[in-house]
Structure formats: structure tokens, C-alpha cells
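Worksheet: one structure, shown below.
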Amino acid sequence: MILMKSDERTEAGEAVGEADLAAMYSYNEALVKAGVLLGGEGLHSSSRGTRVTLTADETVVEHGPFPQPRELVAGFWLIQVKSREEAIAWARRCPAPGDGRTVLELRQVVEAEDFGEALTPELREANERLREMTLS
């Protein structure tokens, strides 16, 4: 997954210009044509967001905006590639906004095999049923 980090502009809700939108469209089109894009979206600023923090004792609900824009996410692409190096190569191709700076964070999605023996055959089967329901 490629996460695009927020910044002061995205948190201020500044409109994206036509040139930036066209560059992003071209990037998305390249991902689609290469057959690696599974999904992706931009996100509204944290002023329209809510955080829910769960502990054993309580649930705390906070409404945005949230501090530290560079620690927030402005959008994402879910890609399926063969290696970390290929993911980095795609991230390098991402267009930077008009001011020429953006931060991307690459994270690998957890797969069933990553859970080891904790994912029993029964849980694996239940998970597959849910996945099929989600995709239909």
C-alpha cells in the first residue's frame, strides 16, 4: 500500500489545481495499464474525520481536525507487485504537488500466511467466506 501523507495544504482543504489532477490521473492510468492497481482514493482533511480509541476500559471518540498533519494520511493506492523494489519504483513515479514536495509511506498488507498457526483452518475458512461475500 502506498500512503500519501497529509501536509498543511491538504489539511487546510486547499483545492487541487488542474495540472496536479492531470498528473495524478496519468499516474493512476499507468498503474491501471500495468495491472498493479487494486484500488485507491484521496481522503478529505482530518477536520472531517473522527478518531475512535479503544481500550479494555473505555472508548474515546474525538472529532478532527487532528494535529501534526505530516502524521496523517491524505490518500492511498493499494497495489499488488512482486517486490518491495517494484513498489518503491512505482512510488518514485508518483507526481509531487505544485510545491514539489510530498511524502509517501509504503506498507505491506498482512496476508493469511503471516498469522501462522494462530489462523486455524476454521478461521481461514471463515475469512475466505467473508472475502467472497465482500467481492460479490
Which one is modelled with the lowest pLDDT, of the residues in the stretch 100-122 that are surrounded by 10 or more Cβ atoms within 10 Å (Cβ to Cβ) and over 16 Å from the mean Cα position of the chain (by Cα)?
Ala112
Per the filter on the stretch 1-29, residues more than 27 Å from Gln68 (Cβ to Cβ) and within 18 Å of the chain's Cα centre (by Cα) are Tyr25, Asn28, Glu29
Scan the stretch 9-46 for residues that are farther than 12 Å from Thr102 by Cβ, of a type in the set (Asp, Glu) and assigned to a helix (DSSP H, G or I) and jot them down.
Glu11, Glu18, Glu29
Residues that are part of a loop (DSSP other than H, G, I, E, B), closer than 20 Å to Pro69 by Cα and of a type outside the set (A, V, I, L, M, F, W, C), drawn from the stretch 86-136
Pro95, Pro97, Gly98, Asp99, Gly100, Arg101, Thr102, Arg107
Of the conditions (1) open to solvent by less than 60 Å² (accessible area, probe 1.4 Å); (2) farther than 18 Å from Asp7 by Cβ; (3) touching a His at 6+ places or on another chain (Cβ under 8 Å), Gly49 fails just one. Which one is it?
(2)
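Could you list all residues from the stretch 1-34 that are of a type in the set (D, E, K, R) and open to solvent by 50 Å² or more (accessible area, probe 1.4 Å)?
Within the stretch 1-34, Glu8, Arg9, Glu14, Glu18, Glu29, Lys33 qualify.
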Show the residue pairs meeting these rules: Cβ distance below 7 Å; 6+ apart or different chains; first residue within the stretch 77-98 and more than 17 Å from Glu111 (Cα to Cα) and open to solvent by 30 Å² or more (accessible area, probe 1.4 Å); second residue modelled with pLDDT under 95 and in a loop (DSSP other than H, G, I, E, B).
Ala96/Thr102; Gly98/Gly17
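The values are calculated or read from the model by the stated rules, or taken from the named source; none is laboratory data. Predicted model only: the values in this text are computed from it and were never measured. Glycine also receives a Cβ, built like all others from the backbone with ideal geometry; neighbour counts cover every protein chain displayed. Note: accessible area is taken over every heavy atom of the protein model, side chains too, but ligands, DNA and RNA are not part of it. Shrake-Rupley method; radii C 1.70, N 1.55, O 1.52, S 1.80 Å.
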